[in-house]
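Notes to accompany the following structure.
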Amino acid sequence: MPGGTHHVLSHGFRGGIRPHDHKESTRDKHTARLPVPRRIVVPVLQHLGVPNAPVVAVGDTVRRGQLIASAGDVVSAPIHSPVTGVVVSIGDTLTINGAIVPAVYIEPDPVQEWDGYVRVEVTSVVRTVRAAGVVGLGGGAFPTAVKLTPPADSPVSTLILNGCECEPYLTCDHRTMLERPASVASGARHIASALGASRVVVGIEANKPDAVDVMRSAMGASAEVLMLATRYPQGAEKQLIHTVLGREVPHGRLPASVGALVHNVSTAAAIADALDEGKPLMERVVTVTGQVARPGNYIVPIGMLVADLLEAVGGVIEGAGRVVAGGPMTGIALADLHVPVVKGTGGVVVLPARSVAPAIQGDQPCIRCARCVAGCPMSLEPYALGIYANRRQWDATDRLHAMDCIECGCCAYVCPTNRPLVQLIRRAKQVLIERVARP
Ligand code: SF4
Ligand code: SF4
């Protein structure tokens with residue numbers, strides 16, 4: 001109902017926080033394409049699972065959309081060249097998360113035919129989505145084809161499209177809904193048909209009323225478009241299911257166990273690209289914002305270095321502090337800007353130096369104020385998890401359900417003594433995962 005009244009569905013999940021959204025400098029900027037970068041570094045591992053195998057050699061000419069690394073196993077996704085150019089090297093690269101992985105180095109032709117690309121063969125929904133290398137664009141980068149095939153004993157009746165974009169600063173999903181609503185709607189239809197879902201719900205936070213209007217028009221009677229409270233982490237999978245359906249995903253189970261599945265709105269648009277246009281996932285919209293000369297939303301080729309991206313938007317400006325890949329709540333602070341944008345990179349945020357000052361001063365002991373407990377949307381005890389992780393008492397972190405932590409960062413955000421709670425809990429989770437994996 002465009003222009004109609006907006007009823008805000010009050011948040012149904014426990015905890016959470018309300019940080020300033022900082023979206024004002026990019027939310028009204030139309031998505032723009034940047035000039036051809038001088039180099040492209042495409043990592044062959046951008047997903048869970050094993051690394052892909054490069055299928056090109058040094059000296060090869062590659063075309064935009066051409067397969068350059070084939071999927072290694074079922075939870076990986078193939079990778080395609082985002083530009084037409086020449087493979088100049090195949091070697092290692094540092095990635096955003098600090099790993100060193102193999103990559104295909106491409107020197108792009110100075111002139112690109114952006115409308116032309118090598119098409120993927122369109123067959124069934126799942127096969128095409130897999131061939132196009134589509135992964136979750138909300139940050140998780142989980143291969144979408146795998147998510148489209150839930151276990152046979154857990155039928156999915158409700159598809160929830162996540163248009164919350166609850167991370168501060170990021171507006172790439174917002175702009176995708178405004179600029180490509182027909183693609184999001186088409187993607188939703190493809191997903192619903194693959195899953196056999198009879199109900200489609202689009203959840204959008206109340207700070208994007210224009211997107212609610214546009215998506216209501218685009219979806220028509222095929223979906224309910226709900227306006228949800230602006231409350232971080234409203235867009236986290238389990239929290240969104242709880243808000244929309246009032247159902248709690250049990251400990252250790254998948255959303256399909258409660259008959260629901262969540263896909264990001266930008267992922268839906270990428271699915272439509274694959275099925276309607278035969279277009280592989282080789283570029284994405286990235287919000288570049290904070291202390292940069294020209295904040296905005298940009299179509300960025302996968303493999304463009306963050307350093308080149310910042311230069312292309314006029315560089316950083318006075319007062320720049322830490323550069324974060326992703327949003328400030330769940331993103332990764334970059335020590336080296338010569339790392340490539342990957343499929344899961346929704347934002348590059350240059351935080352102001354003043355906002356990172358407390359973390360630089362270091363953390364202090366826990367004063368047992370319990371603010372982190374009140375803020376945790378997973379009903380955990382972050383202070384205790386932090387203390388046990390610090391003492392390397394991994395069994396105790398397991399008893400306190402460290403594995404349920406969704407690494408949302410609410411606890412660290414509210415902690416008055418700047419305890420590095422997420423890093424500590426993440427370490428505990430790594431140790432617990434390694435223990436299970438060990439024979
Ligand atoms: S413990 Fe995990 S889930 Fe809970 S607030 Fe902290 S980061 Fe979020
Ligand atoms: S918010 Fe920080 S200081 Fe307060 S209980 Fe949690 S860890 Fe301790």
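Tabulated data
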quantity: Any hit, region 290-306, residues being farther than 30 Å from A194 by Cα, touching a helix residue (DSSP H, G or I) at 6+ places or on another chain (Cβ under 7 Å) and not aromatic (F, W, Y); calculated: yes
quantity: Residues that are modelled with pLDDT of 95 or more, open to solvent by 40 Å² or more (accessible area, probe 1.4 Å) and assigned to a loop (DSSP other than H, G, I, E, B), drawn from region 315-326; calculated: I317
quantity: Strands (runs of 3 or more DSSP E) (entirely within region 200-305) containing at least 2 residues that are touching a Gly at 6+ places or on another chain (Cβ under 7 Å) and among the charged types (D, E, K, R); calculated: none
quantity: Conditions (1) part of a loop (DSSP other than H, G, I, E, B); (2) open to solvent by less than 30 Å² (accessible area, probe 1.4 Å); (3) under 22 Å from A412 (Cβ atoms): number failed by A335; calculated: (2)
quantity: Qualifying strands (runs of 3 or more DSSP E) (wholly inside region 79-184; at least 3 residues being without any contact (Cβ under 8 Å) to a residue 60 or more places away in the chain, under 23 Å from H338 (Cβ atoms) and open to solvent by 30 Å² or more (accessible area, probe 1.4 Å)); calculated: 85-94
quantity: Among the candidates I425, I406, residue that is under 22 Å from P19 (Cα atoms) and either within 16 Å of ligand 2 (Cβ to nearest atom) or in contact with a strand residue (DSSP E or B) (Cβ under 6 Å, 6 or more places away or on another chain) (or both); calculated: I425
quantity: Tally, over region 372-393, of residues that are open to solvent by less than 30 Å² (accessible area, probe 1.4 Å), within 24 Å of P328 (Cβ to Cβ) and either near ligand 2 (Cβ under 10 Å from one of its atoms) or out of contact with any helix residue (DSSP H, G or I) (no Cβ under 8 Å at 6 or more places or on another chain) (or both); calculated: 6
quantity: Every residue from region 239-251 that is touching a residue at least 24 places away in the same chain (Cβ under 8 Å) and closer than 14 Å to M378 by Cα; calculated: Q239, L240, I241, H242, T243, H251
quantity: Out of P340, P420, sole residue that is closer than 21 Å to A141 by Cα, more than 10 Å from ligand 1 (Cβ to nearest atom) and either open to solvent by less than 70 Å² (accessible area, probe 1.4 Å) or of a type in the set (A, V, I, L, M) (or both); calculated: P340
quantity: Hey, V75 open to solvent by 30 Å² or more (accessible area, probe 1.4 Å), β-branched (V, I, T), more than 19 Å from E283 (Cβ to Cβ) and in contact with a Lys or Arg (Cβ under 9 Å, 6 or more places away or on another chain) or not; calculated: no
quantity: Residue in region 32-63 that is least open to solvent (accessible area, probe 1.4 Å), counting only those that are farther than 24 Å from A307 by Cβ and among the β-branched types (V, I, T); calculated: V56
quantity: Residue that is most open to solvent (accessible area, probe 1.4 Å) [pool: residues in region 423-434 that are over 15 Å from Y383 (Cα atoms) and of a type in the set (A, V, I, L, M)]; calculated: I433
quantity: Considering residues of region 93-121 that are aromatic (F, W, Y) and within 12 Å of K279 (Cβ to Cβ) only, the residue modelled with the lowest pLDDT; calculated: W114
quantity: Options A396, A402, A437, A412; residue that is more than 15 Å from ligand 1 (Cβ to nearest atom) and either aliphatic (A, V, I, L, M) or open to solvent by less than 30 Å² (accessible area, probe 1.4 Å) (or both); calculated: A437
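The values are calculated or read from the model by the stated rules, or taken from the named source; none is laboratory data. These figures come from a predicted structure and were not determined experimentally. So basically every Cβ, Gly included, is an ideal-geometry build from the backbone, and we count neighbours across all protein chains shown. SASA here: full protein model, heavy atoms, side chains in, ligands and nucleic acids out. Shrake-Rupley method; radii C 1.70, N 1.55, O 1.52, S 1.80 Å.
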